[in-house]
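This structure is in structure tokens; I'll ask about it shortly.
The values are calculated or read from the model by the stated rules, or taken from the named source; none is laboratory data. Because the structure is predicted, anything quoted here is derived from the model rather than measured. Heads up, the Cβs are rebuilt from the backbone with ideal geometry, glycines too, and the neighbour counts pull from every protein chain shown.
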Amino acid sequence: MHSFVLETPRLILRPLTVADAEAEFVWLSDPEVNRFMPYNLYTSVDEARAWLRHVEQCTDEYHFGFVRREDGLLVGAGSIGPKDGRPYAIAEGWEFGYNLRRDCWNMGYATEATRAMIGFARQEFGVRVFYASHAVDNPASGRVMEKVGCTFDHFNEYSTFDGSETFPAKVWKLVMED
């Protein structure tokens, strides 16, 4: 697990831990939040704990919990890191993603947290190229990508981890100047 903590005006981004399982289960178990995610809908807090145990051991990307400053509520989570092996990834590119509890949608938290994660990767590791994707039928996620400076790159698709569904997707790219 990494030890980076990022701060924005309204959020503190900190490493996720197993102790976050109950809070994360709020959105991992919400069918509306899960609609376009690659993971299956979580049905127990134990599944969230298992996922977070994996996150704590993860060394190839940086997972952050998005904690609202005003009340300490974990409102979402996201990650950023190199994504080798994806059809749209390139050696110097990193990918980011995010997920929020539904009662915190449309409040700008995803945009604020994503900007912080991109700034972190740029400052700490010199990353200049970023990628993200979303299901075509989930344009709200695309609006976040636009707000952080990404531009549409190409169409693609992704499938759920169990292969039960495939989604047409838009891939976005951000190239930052030196």
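Is it true that some residue in the stretch 28-35 is among the charged types (D, E, K, R), in contact (Cβ under 8 Å) with a residue 40 or more places away in the chain, surrounded by 14 or more Cβ atoms within 10 Å (Cβ to Cβ) and closer than 22 Å to MET117 by Cα? Write out each step before concluding.
Filtering the stretch 28-35 for residues among the charged types (D, E, K, R) gives 30, 32, 35.
Still in the running and in contact (Cβ under 8 Å) with a residue 40 or more places away in the chain: 30, 32, 35.
Of the ones still in play, those that are also surrounded by 14 or more Cβ atoms within 10 Å (Cβ to Cβ) are 30.
Filter once more, so that each one left must be closer than 22 Å to MET117 by Cα: none.
No, there is no match, as no residue in the stretch 28-35 is among the charged types (D, E, K, R), in contact (Cβ under 8 Å) with a residue 40 or more places away in the chain, surrounded by 14 or more Cβ atoms within 10 Å (Cβ to Cβ) and closer than 22 Å to MET117 by Cα.
When both residues are 6+ apart or on different chains and their Cβ atoms are under 6 Å apart, which pairs have a first residue that lies in the stretch 1-20 and is closer than 14 Å to GLN57 by Cβ, and a second that is part of a loop (DSSP other than H, G, I, E, B) and at pLDDT below 95?
From the stretch 1-20, the pairs are PRO15/MET1; PRO15/HIS2.
Looking only at the stretch 144-177, count how many residues are aromatic (Phe, Trp, Tyr) and touching a residue at least 24 places away in the same chain (Cβ under 8 Å). Give the derivation first.
Kept after step one, since they are aromatic (Phe, Trp, Tyr), are these residues of the stretch 144-177: 152, 155, 158, 161, 167, 172.
Cutting the leftovers down to touching a residue at least 24 places away in the same chain (Cβ under 8 Å) gives us 158, 161, 167, 172.
Number of matching residues: 4.
Only one of these conditions is not met by GLU47: (1) surrounded by 16 or more Cβ atoms within 10 Å (Cβ to Cβ); (2) acidic (Asp, Glu); (3) in contact (Cβ under 8 Å) with a residue 40 or more places away in the chain. Which number is it?
(3)
Let me ask something additional. Are any residues in the stretch 121-141 part of a strand (DSSP E or B) and among the aromatic types (Phe, Trp, Tyr), and if so, which ones? Walk me through it before giving the result.
Taking the stretch 121-141 and keeping what is part of a strand (DSSP E or B), we get 129-135.
Within the stretch 121-141, PHE130, TYR131 qualify.
Working only within the stretch 142-166, note down all residues that are surrounded by fewer than 19 Cβ atoms within 10 Å (Cβ to Cβ) and either in contact with a Gly (Cβ under 6 Å, 6 or more places away or on another chain) or part of a helix (DSSP H, G or I) (or both).
ARG143, GLU146, LYS147
A further question follows. Could you go through the stretch 87-95 and let me know if any residue there is aromatic (Phe, Trp, Tyr), surrounded by fewer than 20 Cβ atoms within 10 Å (Cβ to Cβ) and either in contact (Cβ under 8 Å) with a residue 24 or more places away in the chain or more than 26 Å from VAL129 (Cα to Cα) (or both). Write out each step before concluding.
As a first pass, look at the stretch 87-95 and keep what is aromatic (Phe, Trp, Tyr): 88, 94.
Filter again for surrounded by fewer than 20 Cβ atoms within 10 Å (Cβ to Cβ), leaving 88.
Within this subset, residues satisfying the condition of being either in contact (Cβ under 8 Å) with a residue 24 or more places away in the chain or more than 26 Å from VAL129 (Cα to Cα) (or both) are 88.
The answer is yes, given that some residue of the stretch 87-95 is aromatic (Phe, Trp, Tyr), surrounded by fewer than 20 Cβ atoms within 10 Å (Cβ to Cβ) and either in contact (Cβ under 8 Å) with a residue 24 or more places away in the chain or more than 26 Å from VAL129 (Cα to Cα) (or both).
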